[in-house]
C-alpha cells in the first residue's frame, strides 16, 4: 500500500513538472489604464501590451472586445453591482476571424508589429467601442483579458526556428473598482 502511494505521488510530481516545462512563460504584460472619469466611471480605457522579455517579440495588433483567432484579442470584463436592484441588463459580443486555420503564417506575419524589450503597444477605446453602457449607480469592477493569436504547432515551430518570438500565453490585468453614486 505504501509503495503504491509513493508511486502515485512520484507520478503526480512528474506530471506537474512536465506541465511546467510545457507552459510558456509570458513575454508580454497586459495593462489596463482608465481614461477620464465621468460620474466616477471611466469613459474609455487604454490597453497596453508591454514586452517584458529581454528580446524582440512579434505580435499582431489584437482586436479589442471582439474575438479573433487570427490576431488574438483583448476583452474588457465588467462585474457590475447596482446600488438598487433592477431587472435591466444587457450583453454584447463580437466575433471576427475566429478561425485562423488555412492562412499561411508567412502571410499572417507581414502585418505584425515588432516590440523591442520594454516597448508598449497601446490602444485606447471608448465606452461604446467596449460594449458596456452606463448601468446606473453602483459598483463597477473592470479588468481585461488577452488571448494570443491561434498558431498551429507547425507554424509555431517555423517561427521559433526563424528566431521569432510571439505571444503564447493568455494574460489578465488587475481589477479596477469604481463607484458611481448617481
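Of note:
- Prolate/oblate/rounded call for segment 27-180, Cα gyration tensor, a/c under 1.5 rounded: prolate
- A full extension of the chain between residue 38 and residue 122 corresponds to an added length of 28.1 nm, given 0.36 nm per residue minus the alpha carbon distance.
- Cβ-based exposure ranking for 84, 180, in which fewest neighbours within 10 Å come first: 84, 180
- Spatially, segment 151-168 and segment 39-75 are offset by 20 Å when compared through their Cα centroids.
- For a modelled paramagnetic label at residue 177, 7 Å from Cα along Cα-to-Cβ, the residues of segment 62-87 in reach, with backbone nitrogen under 18 Å, are 77-84.
Computed from the coordinates by the stated procedures, all read-outs in this text should not be read as laboratory data. What you see is a predicted model; the values in this text were computed from it and never measured. FYI the Cβ positions are ideal-geometry reconstructions off the backbone, even for glycines, and counts take in every protein chain you see.
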